Amino acid sequence: MNDLDLKAFVITQNISCLVRFHNHVDVLFRKSVNEIKELPDKKESAYWEAVYKHQFPKDLRKAVFLMIFGHLEEMLHILSNKNASLRDMKRFGLDRYKPFVRHVLGQDLSRNQDWQFIQEMSRVRNILLHAAGRIAYARKPDELTALIKKHPECFGTSLDRVELTKVGLRETANSASGLLLVINNALKKNDSTLLAAR
């Protein structure tokens with residue numbers, strides 16, 4: 001197994017492990033609800049039932065969503081190691097790797113659906129991470145609201161906070177994995193060497 005084959009394995013394995021982790025813990029939350037219903041104190045039982053049915057699953061989706069972005073950025077860093085000159089060190093997050101991704105794929109990134117979707121999701125990632133999902137605290141709240149409306153299957157809102165759906169989590173995992181595999185395959189095709197020019 002060569003280096004790029006190993007990276008392809010890691011890409012798919014890590015993201016699928018995150019999805020399996022989410023699904024496993026989600027099942028555990030649902031099973032716990034039945035036990036909670038049996039608590040003798042009905043007020044306490046009702047409180048914990050609501051937490052396990054609603055709050056914990058939301059928090060789990062947010063945590064796994066953020067872990068997917070961590071894995072995505074880590075893999076972009078690893079994949080671009082041999083071509084570090086193609087990283088834009090003045091930028092942060094995904095934007096740091098945009099010149100590398102554009103060069104490897106040899107296309108305008110506005111035509112790559114996975115890149116476009118991940119870019120949109122990164123705006124949600126930022127508001128979840130830096131403002132606990134509070135839409136009003138976004139730099140451009142109107143644009144964030146429009147993004148949420150553009151993807152109603154991926155997001156909802158409650159109390160001025162963006163909420164991620166299971167579909168949103170799945171689509172993010174699929175796009176992250178898809179993008180990384182396309183980059184890895186392009187590197188493989190190019191014999192894992194790129195021109196140093198930007």
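The values are calculated or read from the model by the stated rules, or taken from the named source; none is laboratory data. All of these numbers come straight from a predicted model, not from anything done at the bench. Heads up, the Cβs are rebuilt from the backbone with ideal geometry, glycines too, and the neighbour counts pull from every protein chain shown. Calculation scope for accessible area: heavy atoms of the full protein, side chains included, ligands and nucleic acids excluded. Shrake-Rupley method; radii C 1.70, N 1.55, O 1.52, S 1.80 Å.
Keeping the other protein chains in place, figure out the carbon and sulfur percent of the accessible area of the chain, with a 1.4 Å probe. All intermediate terms of the calculation are to be shown ahead of the outcome.
Working: 6150 of 11410 Å².
Here it works out to 54 percent.
Label-point separation (nm) for Gln113 and Asn190, each offset 7 Å from Cα along Cα-to-Cβ?
2.4 nm
Can you give the accessible area of Ile36, probe radius 1.4 Å, in Å² rounded to 10?
The value for Ile36 is about 20 Å².
Roll a 1.4 Å probe over the protein heavy atoms and report the accessible area of Ser85 in Å², nearest 10.
Using a 1.4 Å probe on the heavy atoms, I get roughly 70 Å².
Is there a pair in Lys62/Lys140; Lys98/Lys188; Lys58/Lys149; Lys62/Lys149; Lys37/Lys62; Lys7/Lys62 whose C-alpha atoms are over 23 Å apart, and which pairs would that be? Let's see the in-between values first.
Details: Lys62/Lys140 21 Å; Lys98/Lys188 19 Å; Lys58/Lys149 19 Å; Lys62/Lys149 19 Å; Lys37/Lys62 26 Å; Lys7/Lys62 26 Å.
Over 23 Å apart, Cα to Cα: Lys37/Lys62; Lys7/Lys62.
With the other protein chains left in place, how much accessible area per residue, in square angstrom, belongs to segment 1-82 at a 1.4 angstrom probe?
Working: 4900 Å² over 82 residues.
Roughly 60 Å² per residue, with all protein chains present.
Taking Cα atoms, how many degrees apart are the long axis of helix 113-131 and the longest axis of the chain, rounded to 10 and kept between 0 and 90?
50 degrees
Suppose we take every Cα in the chain and form the convex hull; what volume per residue is that in Å³? Walk me through the intermediate numbers first.
Working: hull volume 24.4 nm³, N = 198.
Expressed per residue, the convex hull around the Cα atoms of the chain is 123 Å³.
With r defined as the distance between the Cβ atoms of Leu129 and Arg102 and R0 fixed at 22 Å, what FRET efficiency is calculated, to the nearest 0.05?
Efficiency, rounded to the nearest 0.05: 0.30.
List the relative contact order of the chain as a percent without decimals, with contacts defined as Cα pairs under 8 Å and 6+ residues apart. Could the numbers behind the result be given before it?
Working: 192 pairs, mean separation 50.0, N = 198.
Relative contact order of the chain: 25 percent.
Rounded, prolate or oblate: pick one for segment 10-113, where a ≥ b ≥ c are the square roots of the eigenvalues of its C-alpha gyration tensor, a/c under 1.5 means rounded, and failing that, prolate if a/b is larger than b/c, else oblate. Please report the intermediate quantities before stating the final value.
Values: a/c = 4.00, a/b = 3.34, b/c = 1.20.
It comes out prolate by the Cα gyration axes.
I'd like to know which of Asn81, Gly70, Phe56 lies farthest towards the positive end of the charge dipole of segment 48-157, counting +1 on Cβ of Lys and Arg and -1 on Cβ of Asp and Glu.
Asn81
Taking a 1.4 Å probe, which of Tyr47, Tyr52, Tyr97, Tyr137 shows the most accessible area, and what order do the others take after it? Present the calculation step by step, with values, prior to reporting the outcome.
On the way: Tyr47 130, Tyr52 55, Tyr97 15, Tyr137 155 Å².
Ranked list, largest accessible area first: Tyr137, Tyr47, Tyr52, Tyr97.
Can you put Lys53, Lys62 in order of accessible area, largest first, using a 1.4 Å probe?
On the way: Lys53 105, Lys62 60 Å².
From most accessible down to least: Lys53, Lys62.
So how tilted is helix 3-36 from the main axis of the chain? Cα-based, degrees 0 to 90, rounded to 10.
10 degrees
For segment 6-161, give the magnitude of the charge dipole about the Cα centre (Cβ charges: +1 Lys/Arg, -1 Asp/Glu; no others), in debye to the nearest 20. Don't jump to the answer; show the numbers that get you there.
Working: 27 positive and 18 negative charges, 80 e Å.
The calculated dipole for segment 6-161 is roughly 380 debye.
If one takes the longest principal axis of the Cα atoms in the chain, at what angle in degrees, from 0 to 90 and to the nearest 10, does the Cα axis of helix 56-79 lie?
Approximately 10 degrees, to the nearest ten.
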